[in-house]
1. Out of 67, 71, which single residue is open to solvent by less than 70 Å² (accessible area, probe 1.4 Å), touching a residue at least 12 places away in the same chain (Cβ under 8 Å) and either in a loop (DSSP other than H, G, I, E, B) or among the aliphatic types (A, V, I, L, M) (or both)?
2. Name the residues in the stretch 2-41 that are open to solvent by less than 70 Å² (accessible area, probe 1.4 Å), outside any loop (DSSP other than H, G, I, E, B) and over 14 Å from residue 71 (Cβ atoms), would you?
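The values are calculated or read from the model by the stated rules, or taken from the named source; none is laboratory data. Keep in mind that what you see is a predicted model, and the values were worked out from it rather than measured. Heads up, the Cβs are rebuilt from the backbone with ideal geometry, glycines too, and the neighbour counts pull from every protein chain shown. Note: areas computed on protein heavy atoms with side chains; ligands, DNA, RNA excluded. Shrake-Rupley method; radii C 1.70, N 1.55, O 1.52, S 1.80 Å.
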Amino acid sequence: SKTCVNITSNLHRGNETSAVSKLQSFLISKGILSEKVSGFYGDYTVDAVKTYQQSVGLPETGMVYGATRAAIAEETCN
């Protein structure tokens, strides 16, 4: 069974929250992020988010705002 990854707030570099940990776990599960889950949104997470955004046809901002949050939820919660 898949884990629904519903990120309810915008995330970007410098954030340090449980939502970042959820994001990192998702990116690791996709094979995009090779770092451990830290809960800190640093350079590796930015790069991984850009890779994910490219893979789903979104602008590569490195930030998890509305469209990226929706894409992650659609992929994991349906």
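1. Only one candidate qualifies: 71.
2. Matches in the stretch 2-41: 19, 20, 21, 24, 25, 28.
Residues checked against (1) out of contact with any strand residue (DSSP E or B) (no Cβ under 9 Å at 6 or more places or on another chain); (2) open to solvent by 60 Å² or more (accessible area, probe 1.4 Å); (3) in a helix (DSSP H, G or I):
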residue: 46; (1), (2), (3): yes, no, yes
residue: 50; (1), (2), (3): yes, yes, yes
residue: 54; (1), (2), (3): yes, yes, yes
residue: 61; (1), (2), (3): yes, yes, no
